[in-house]
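Working notes, beginning with the structure itself.
The values are calculated or read from the model by the stated rules, or taken from the named source; none is laboratory data. All figures in this text were calculated on a predicted structure; none of them were measured in a lab. Here Cβ is always computed from backbone atoms with ideal geometry, including for glycine, and neighbour counts include all displayed protein chains.
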Amino acid sequence: MSRVRALIAEDEPLARQRLERLLRMRDDVEIVGAARDGDEALAMIAALAPDLIFLDIQMPGLGGFDVLREIGGAGRPFVIFTTAFDQYALRAFEVHALDYLLKPFDGTRLDAALDRALPLIHHSMRGAEWTRRFVVKSAGRILFLRAEEIDWIAAADNYVYLHAAGASHLVRTTLKSIAETLDPARFIRIHRSTLVNVDAVREVAGGEVVLRDGTRLAVSRRSPLLRGDSPQSRSGGAARG
């Protein structure tokens, strides 16, 4: 399997060098460049077309979120944020970051982020076509449910419930199987029994995700939402997954 081509965008020299050193210990990642600020990151992204960016949030000039705004969404590299501030976790989640590393993080935490991210990146690199709609039976009718209409998905043994527009639809498949068919930039696992559509999330508070219809769902401490020792994870309010 080919190595993932990674770009580092980090203005602190020591942090940049340490991340480079940790990444060089992995055989499945190739460092293609290291930018010292947001403007340099934009130029390198255009020239090098990395698969993955380790993106600092606060940098001189353009910050991490500014960089993402400039490069847009179509064909955008995958992103793992690195920052010393935990208050940006929800915003990072909203722009579909794969993970949120809170400095100072160690090699174990970086490896955990990469072990989760690399299969998704490789799947995307193979040109995978994510499931765009589901065919479900409801009250004697056959419904065609678009993936973006689904707010959240709950496991029920060898079935899942697809929750959309105030209704739930039972489908015979496992949560693991359905997760492998859905776009990981849109659907993330927030609990061992729950997937959520990031576009349906209104806020994260007290260890819960609050959806646009008011539904509240427990968030596992291992979810990307609460990784990085955020205030929610320290409070002990999040459900264990």
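Please return the ranges of helices (runs of 4 or more DSSP H) entirely within the range 1-89 where 1 or more residues are β-branched (Val, Ile, Thr). Give the steps one after another, and end with the answer.
Details: elements: 13-23, 38-48, 64-71.
Counting at least 1 such residues, we get 38-48, 64-71.
Screening Arg186 with (1) over 25 Å from the mean Cα position of the chain (by Cα); (2) surrounded by 13 or more Cβ atoms within 10 Å (Cβ to Cβ) gives one miss only, at (1). The lone criterion from (1) closer than 14 Å to Leu90 by Cα; (2) modelled with pLDDT under 70; (3) of a type in the set (D, E, K, R) left unmet by Arg240 is number (1).
Can you name every residue in the range 129-153 that is within 26 Å of the chain's Cα centre (by Cα) and in contact (Cβ under 8 Å) with a residue 24 or more places away in the chain? I'd like the intermediate steps shown before the answer.
As a first pass, look at the range 129-153 and keep what is within 26 Å of the chain's Cα centre (by Cα): 129-134, 145-153.
The answer is Trp130, Thr131, Phe134, Leu145, Ala147, Glu148, Ile150, Asp151, Trp152, Ile153.
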